[in-house]
Amino acid sequence: NAGVTQTPKFQVLKTGQSMTLQCAQDMNHEYMSWYRQDPGMGLRLIHYSVGAGITDQGEVPNGYNVSRSTTEDFPLRLLSAAPSQTSVYFCASSSPSIQTSGAYNEQFFGPGTRLTVL
Amino acid sequence: AQTVTQSQPEMSVQEAETVTLSCTYDTSESNYYLFWYKQPPSRQMILVIRQEAYKQQNATENRFSVNFQKAAKSFSLKISDSQLGDTAMYFCAFMKLYTGNQFYFGTGTSLTVIP
């Protein structure tokens, strides 16, 4: 299993540009989440999903959109990038069901995307 | 809302010694998990240890153990026989169950193991 994969690893945008951060998992996990990591602030939840077609906002959702059309994929969209969105972004997945994942409720993280907005 | 506090931004320890990282949290939930994650310079988040709130017994994983005090809402990590590879940022995290397994992280403790 590849686990949780994220693309790209690095990205530089200009203010006002749009882009999509990709996230995929091959563990058949129901739950997926997006976090951003800023210096001195730990990781903060942006959006999360409990299954295909269902998404909800986390602590810091402004400026970001998500959708979940399949169990495997959970892309994060920046519609109009701002310098305040410069950060490292992590995608994560987990399952509440021990039948789906032997690691009951353990959250698996992708390798992260470092985004710089100029 | 849940908050997680790590009051030690930086710590250091001599190789082979023991170090304890502190974490406190605030929640009104009764059913939750607590985690310690390690983040080396590679940026990858690596699970160190986890504790289910309903379990009274403290979790242990080889050289890593926790002191979970539910009433005090305290969850400290003890690293025994520290190794150079333990040098990393350590994050304490609270997970609210079932509603998407939402995580709330502390601000991290940067641990340096000195040879």
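The values are calculated or read from the model by the stated rules, or taken from the named source; none is laboratory data. Quick caveat, the model's predicted, so the values are computed rather than measured. Every residue, glycine as well, gets a Cβ built from its backbone with ideal geometry; the counts of neighbours run over all protein chains shown.
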Q: Please give the strands (runs of 3 or more DSSP E) falling wholly within the stretch B:7-115 in which 1 or more residues are within 14 Å of chain A (Cβ to nearest Cβ) and modelled with pLDDT of 90 or more.
A: B:10-14, B:19-21, B:24-26, B:32-39, B:46-52, B:88-96, B:102-105, B:109-114
Q) Any idea which of B:Q6, B:Q14, B:Q56 is more than 13 Å from the chain's Cα centre (by Cα) and in contact (Cβ under 8 Å) with a residue 40 or more places away in the chain? A) B:Q14
Q.
Quick check on the stretch B:91-110. Is at least one of its residues more than 28 Å from A:H29 (Cα to Cα) and either surrounded by fewer than 19 Cβ atoms within 10 Å (Cβ to Cβ) or touching a strand residue (DSSP E or B) at 6+ places or on another chain (Cβ under 9 Å) (or both)?
A. yes
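Residue by residue through the stretch A:76-101, note down the ones that are within 14 Å of chain B (Cβ to nearest Cβ), hydrophobic (A, V, I, L, M, F, W, C), over 11 Å from A:M32 (Cα atoms) and touching a residue at least 24 places away in the same chain (Cβ under 8 Å). Give the steps one after another, and end with the answer.
Going residue by residue through the stretch A:76-101, those that are within 14 Å of chain B (Cβ to nearest Cβ) are A:87-98, A:100-101.
Keeping just the survivors that are hydrophobic (A, V, I, L, M, F, W, C) gives A:88, A:90-92, A:98.
Checking which are over 11 Å from A:M32 (Cα atoms) leaves us with A:88, A:98.
Passing the criteria: only A:V88.
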Q: Of the conditions (1) within 13 Å of the chain's Cα centre (by Cα); (2) over 25 Å from A:A92 (Cβ atoms), B:T107 clears all except one; give me its number.
A: (2)
Q: With the checklist (1) more than 9 Å from chain B (Cβ to nearest Cβ); (2) more than 20 Å from A:P96 (Cα to Cα) in hand, flag the one item A:T71 doesn't pass.
A: (2)
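To keep it simple, each residue is scored yes or no on (1) in contact with a Lys or Arg (Cβ under 6 Å, 6 or more places away or on another chain); (2) under 16 Å from A:S94 (Cβ atoms); (3) touching a residue at least 12 places away in the same chain (Cβ under 8 Å).
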site	(1), (2), (3)
A:M27	no, yes, yes
A:Q37	no, no, yes
A:A52	yes, yes, yes
A:T55	yes, yes, yes
A:F74	yes, yes, yes
Q) Has the stretch A:55-74 got any residue that is closer than 17 Å to B:Q2 by Cα and aromatic (F, W, Y)? A) no
